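This report concerns only the one structure given below.
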Amino acid sequence: MSLPRYVARRLGQSVFTLLGVVTITFLLVNAAPGDPVRIFIGPSADASAIAAMRAQFGLDQPIHIRYIKYLMNVVQGDLGQSINYRVPVTQKILERLPATLLLVASSFTFAIITAVPIGVLSAQRRNQLSDHVFRIFGLIGVSTPSFWIGLLLIIILTYHLGLLPATGLVMPWAPPSAVDHATTRLDVLYQSGIHLIMPTLTLGTLQMAAIMRIERSSMLEVLNQEYVSLARAFGVSERTILRKHAFRNAQLPVLTVIGLNLTTALGGSVLTETVFSINGIGTLIITGVNARDYPLVLGTTLFYASLFVIGVLITDILYAYLDPRISYGDES
Amino acid sequence: MYIVLFIIVVAIWAFVDGVVLDYYFAERFWYSPITAPPGSRGLLPPVGITNEYGTGTWAHPLGTDHRGRDILVRLVYGSRIAIQIGIVATGVGATLGTIIGAVSGYYGGWIDDVLQRTVETFYAIPFIVLMIAIMSAFGRGLWIAIVGVSVITTPIFARLIRSEVLSVREEEYIEAAKAAGVRDRNIIRRHVIPNSLAPVLVQATLQIGVNILIVAALSFLGFGAQPPTPSWGAMLAQSRTYMLPDPWFSVWPGLAILVTVVGFNLVGDGLRDAFDPRLND
């Protein structure tokens, strides 16, 4: 199968996955007890007002008709109307998207920049003291609840040292007039930076530890290959082996783990945003669930899933592109 | 090295669970798992202290929470909940996943396609978000959490065992069994699954840790065990209000989660090293 055909096939599969996501979340949300309209209007509303609102949100129709209607709307990019905020769900998501993207992007950058060199170093110095230290660090990293790291950081850096602000995010592109303690562009960037440090560490530590562990084991696996022994036998220096022969070949599993970790990071953003009171998509989901705002819950879940599906699609295509041996999913 | 670390962790855990349960609770008999009045597990403040948080004393080594309840007692009860959920949910998920994955991998074709797409669907939604959706639909609480975590654990094992089965399927002994007229069901049960099980065992051990983290996160967000049940995640959520006057309240439950999950990860890593001697130290 050629690369374009492989891409087309993966795209087709992604559509099915997203269809599945819509179906599952739609069923789950509709199984939820409690009438969103009643919760929104309050217990004292009269029957005609409730009926009018039900009709407005299409809740008076049977479930299969609502499902098909919802699908048709989703295909056209319409995720429905938020009951709680009274604005289109897409508008609400786009409003909250920058904060979440900034958070996820910065924590992934932090994780990759730190984890890859440490993983390589750890593999190179296998069973030496630094390797043990890094391994213990990695083990603790994947075993620590991210939100707890957030709480500890707030206690130490905000309450005891008074260094960093504990709540909110500042967008680096915000106008200076909209940001506290800022008069120039530089001030805004500074504020954005100090607001971002703790959430990045909170969300990034798990990713960092996970990438570090896979980097190490992947490097070790490659260093065990025969062509590396051959290079050693030819007297190629250990440094050159690492740089020229081992490193690139070890990056494929790392790439997969980074792609799959996107879903952990998106899930983790819900927690990180809660700890630092950031108005992102994660907190939007929580608000939606608590208010029984089911178009909002459906929309945000679907949006998260699409982000993940796109991320995995990109990793898969990169993988196929980087490793010519891959059979593009031709099974059996 | 992992073995030594593991023994240390187990020793600490045995100390906390054994010594503390025996002596510490004996002193405060209504907290003891045996002598406590039904339904009062770690929920009541000890006599003499009410509605106060405080730091460590001999009577309360880790201090008391905002309602004057002993933090250590609640941590120990919380460990039961965390480990129960971790093990039960992982067990159910691993069993279901193994069956689904084995069937999917063995038969291939459209069954495989349908199952794989379903598995991918569950993969695509972040676990926390899926769990929140499940719990908002079916209610909050411990049992819903267990069922939910089992559901989200299943695809992980289905995918894992499927890839194992794809290679086992081609083995000659499977062909021999087929030639001998063994039924498909028995081939899967007797030959395919047992020969694909090693990675499942490793993954299951690691997954217990992951599931404990997920349940803690859910409780932290208010979707897990409902108060006054002592759960680690909920304790962390409660401690957020008191981070300034009583920072240690936020430290202990997190540390408990960390130690427990590290323990399961060490066992998992050890098992993996044992099954895959190539990378053994």
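The values are calculated or read from the model by the stated rules, or taken from the named source; none is laboratory data. On a predicted model such as this, the values are computed, not experimentally measured, just so you know. As a convention, Cβ positions derive from the backbone with ideal geometry for all residues, glycine included, and neighbour counts pool all protein chains shown. Ligands, DNA and RNA are stripped out before the accessible areas are found, and what is left, the full protein with its side chains, is counted by its heavy atoms. Shrake-Rupley method; radii C 1.70, N 1.55, O 1.52, S 1.80 Å.
Solvent-accessible area of the protein assembly as shown (1.4 angstrom probe, protein heavy atoms only): carbon and sulfur portion equals 65 percent. Calculated mean residue ellipticity, 222 nm, the protein assembly as shown: -22500 deg cm²/dmol, from DSSP H runs (n ≥ 4) at -39500 (n - 2.57) each, averaged per residue and rounded to 500. In this structure, A:Ser130 and A:Asp180 have a Cβ-Cβ separation that, at R0 = 41 Å, corresponds to a calculated FRET efficiency of about 0.45. Computed 3J(HN,Hα) for the stretch B:113-121, one whole-Hz value per residue from the Karplus formula 6.51 cos²θ - 1.76 cosθ + 1.60 where θ = phi - 60°, is 4, 4, 5, 5, 4, 4, 4, 4, 4, glycine and proline marked x.
Helices meeting the span-like rule in chain A (full DSSP H runs, Cα extent of at least 30 Å along the helix axis, mean Kyte-Doolittle score of 1.6 or higher): A:294-322. Under 11 Å from the 7 Å Cα→Cβ point of A:Leu260, by amide nitrogen: which residues of the stretch A:115-157? Of the residues in the stretch A:115-157, none has backbone N under 11 Å from the label point off A:Leu260. Between A:Tyr227 and A:Arg243, the simple spin-label model (points 7 angstrom out along Cα→Cβ) gives 1.9 nm. Coupling constants for the stretch B:164-175 follow from the phi torsions by the Karplus curve (6.51 cos²θ - 1.76 cosθ + 1.60, θ = phi - 60°), and in residue order they are 5, 4, 4, 7, 5, 3, 7, 5, 5, 5, 5, 4 Hz; glycine and proline get x.
Chains A and B together bury some 4600 Å² of accessible area, summed over both sides, with a 1.4 Å probe.
All C-alpha to C-alpha distances of the stretch A:164-211, sorted into 10 Å bins beginning at zero, yield P(r) values of 28, 42, 21, 8, 0 percent in whole numbers.
Using a simple spin-label model with pseudo-atoms 7 Å out from Cα toward Cβ, B:Arg183 and B:Ser163 lie 3.3 nm apart. As a rough guide to protection, the peptides B:265-274, A:129-138 ranked by mean Cβ packing within 10 Å, highest first, stand as B:265-274, A:129-138. Close amide H partners of A:Gln81, meaning residues 5 or more places away or on another chain with modelled amide H under 5 Å apart, are A:Val89. Between A:Leu27 and B:Glu171, the FRET efficiency estimated from the beta carbon spacing at R0 = 30 angstrom works out to 0.15. Under the simplified labelling scheme, the A:Leu101-B:Phe138 pair shows an inter-label distance of 3.6 nm, with each label point 7 Å from Cα along Cα→Cβ. Taking 0.36 nm per residue of sequence separation and removing the Cα-Cα distance, the A:Ala52/A:Tyr319 pair yields an extension gain of 90.8 nm.
Distances longer than 35 Å among the Cα atoms of chain A: what percent of all pairs is that? Counting every Cα pair in chain A, those more than 35 Å apart make up 38 percent.
For the protein assembly as shown, a Kirkwood hydrodynamic radius built from all Cα pairs, placed in the Stokes-Einstein relation at 20 °C and 1.002 mPa s, yields a translational diffusion coefficient of 81 µm²/s. Using bins of 10 Å that start at zero, the share of Cα-Cα pairs per bin across the stretch A:200-332 amounts to 11, 28, 27, 18, 10, 4, 1, in whole %.
Each residue of the stretch A:166-179 is assigned a 3J(HN,Hα), and the resulting list reads 9, 10, x, 10, 10, 6, x, 9, 5, x, x, 5, 8, 10 Hz, derived from the Karplus form 6.51 cos²θ - 1.76 cosθ + 1.60 (θ = phi - 60°), x at Gly and Pro.
Sorting the Cα pairs of the stretch A:96-290 by distance into bins of 10 Å, from 0 upward, gives 9, 29, 29, 18, 10, 4, 0 percent per bin.
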